[in-house]
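Everything below concerns the one structure shown next.
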Amino acid sequence: MRALIAAATGLALALALVLTVSALGSPSGRTSPEPLLTTVPAHP
């Protein structure tokens, strides 16, 4: 019975966390104006 209560408590906490994060919304991210400096490997 204790395991069932612990599982229900964990599920409730996880659901509360998901609802909190979704209520806050996603952060306004910006992309870097500078391109990534990568090199293309030479083809054999």
When you have a sec, figure out the Kirkwood radius of the chain from all distinct Cα pair distances and drop it here in Å to one decimal? 15.2 Å
Degrees separating the helix 2-24 axis from the principal Cα axis of the chain, which is the longest one: 50 degrees
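Only the coordinates and a few stated rules stand behind these numbers; no lab work does. Predicted model, so just to flag it, every value in this text is computed and none were measured.
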